[in-house]
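Below is one structure, written out as structure tokens; comments come after it.
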Amino acid sequence: MSVKKLAVIGEGRMGSGIAQHIAACGIPVVLDGISEQSVSNALGMIEKNYARNVEKGRMSEEEKGRALENITITSKLEDTADCEFIIECVYEDAQLKTGIFAKLNEICPESTIFASNTSAIPISTLANGCGRPDRLVGTHFFNPAPVMKLVEIVRGFKTSDETLNTAKQLVAELGKVGVVVSDTPGFLVNRLMHAFRNEALICLQEGVATMEDIDTAVELGLGHPMGPFALNDFAGLDIGLSAAATLYDNFKDPKWRPNLMVKKLVEAGDLGRKTGKGWYDYTSGKKELRTDIHF
């Protein structure tokens, strides 16, 4: 089934990025947020991103105009009821996500497919109480969503073949590369990434190298676009901590235990680029080393 109209629930960086890409692909999308102001701000950011693409020759003014016409913003969940495929993209909290799906189940036709952009929470967990577990699937986009090619397509225990195939077709139509993964905590990429990040933290704590040198070594030695600490800042320390907690809570394996320094930084409100400080300090407008982090 080819999807003609989508909705994205959540106007944060990931939600607005997914909506931006969907609209640019020529598909109408409803972007739902917690308030009229917040979703209006998200639309303003999308427009700035399109304008930047025009400046760099990635799209024309006409394409920008058509893309913006494809976006409808709202703060009322009911306005998504006529969408065929709805992607939930709110904070990594299972109770919050299942509550949204329960509400959507009441207002949407039985044919509507629900998807979650969760990066770590099992889809079968979110299916509890959603009312249509056969029509729930994971579509985990990566940040920044308009640029990153990969989407993890996660099949829950009760996800139907039809739902999975629709998700695969949609991902392909969006110009992304989908990989189907089993419904395990952290799925594939986050399990690999968190194992890698945990080892980087151990190397830092053991004094093998400085944080900056670890990032440089990973970039230049392994060919990664960002080292593990810079990437953690880019994605958000709170998001990474939540994913690590999900892995630990489900597997009960000490190797997934959330790092105490990460917890301290999150508790202090230092979440990375979005707050100005994380592993690095961005308050001057550029990335600088911090001198106040001590293990």
Legend entry - the chain, dipole about Cα centre (Lys/Arg Cβ +1, Asp/Glu Cβ -1), debye to the nearest 20: 280
Legend entry - Estimated inter-spin distance, N128 and E36, nm [label 7 Å along Cα→Cβ]: 3.8
Inset, instruction - Pull up the cross-link candidates among the lysines for K56, meaning alpha carbon to alpha carbon under 18 Å and not fewer than 8 places away within one chain. - result: K48, K64
Legend entry - Estimated [θ] at 222 nm from DSSP helical runs (n ≥ 4, -39500 (n - 2.57)) normalised by residues in the chain, nearest 500: -14000 deg cm²/dmol
Legend entry - Peptides 55-66, 146-157, 235-246 ordered by average Cβ neighbours within 10 Å, highest first: 235-246, 146-157, 55-66
Inset, instruction - Would you list, by chain and number, the lysines whose Cα falls below 20 Å from the Cα of K286, excluding same-chain residues fewer than 8 positions away? - result: K274, K277
Legend entry - Principal axis dimensions, region 116-164 - Cα atoms, whole angstrom, descending: 33, 21, 13
Legend entry - For K277, residues with placed amide H under 5 Å, excluding near neighbours: L271, G272, Y282
Legend entry - Relative contact order (%) - the chain, alpha-carbon pairs under 8 angstrom, separation at least six: 13
Inset, instruction - Please report the relative contact order for region 28-81, taking Cα pairs under 8 Å with a sequence separation of at least 6, and give it as a percent rounded to a whole number. - result: 63
Legend entry - Contact order normalised by residue count of region 6-182, Cα under 8 Å, 6+ apart, percent: 20
Legend entry - Protection proxy ranking, peptides 253-259, 16-22, 286-292, average beta carbon neighbours within 10 Å, highest first: 16-22, 253-259, 286-292
Inset, instruction - Using only the Cα atoms of the chain, each taken as one equal point scatterer with no solvent, compute I(q) by the Debye sum, divide by I(0), and report log10 of the ratio at q = 0.11, 0.13, 0.15 Å⁻¹. - result: -0.68, -0.95, -1.22
Legend entry - Dipole magnitude of region 6-182, debye to nearest 20 (Cβ charges: Lys/Arg +1, Asp/Glu -1, about Cα centre): 580
Inset, instruction - With θ set to phi - 60°, apply the Karplus curve 6.51 cos²θ - 1.76 cosθ + 1.60 along region 73-88 and write out the HN-Hα couplings as whole Hz, x wherever there is a Gly or Pro. - result: 10, 7, 10, 10, 4, 4, 6, 9, 5, 9, 8, 7, 9, 10, 9, 7
Legend entry - Percentage of interatomic Cα-Cα distances in region 150-295 larger than 24 Å: 41
Legend entry - Partners for K103 among lysines (Cα-Cα distance below 28 Å; same-chain residues under 8 apart left out): K4, K5, K76, K158, K168
Legend entry - J(HN,Hα) series, region 180-187, from Karplus relation 6.51 cos²θ - 1.76 cosθ + 1.60, nearest Hz, glycine and proline x: 8, 10, 6, 7, 10, x, x, 6
Legend entry - HN-Hα J in Hz across region 156-168 - Karplus 6.51, -1.76, 1.60, θ = phi - 60°, x for Gly and Pro: x, 4, 10, 4, 7, 4, 4, 5, 4, 5, 5, 4, 4
Inset, instruction - Treating the Cα atoms of region 1-135 as identical point scatterers in vacuum, please give the log10 of the normalised Debye intensity I(q)/I(0) at q = 0.16 Å⁻¹, two decimals. - result: -0.78
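Here, each number is a calculation from the coordinates, and none is a lab measurement. Everything numeric here is computed off the predicted structure, so don't read it as measured data. Backbone-built Cβ (ideal geometry, glycine too); neighbour counts: all protein chains shown.
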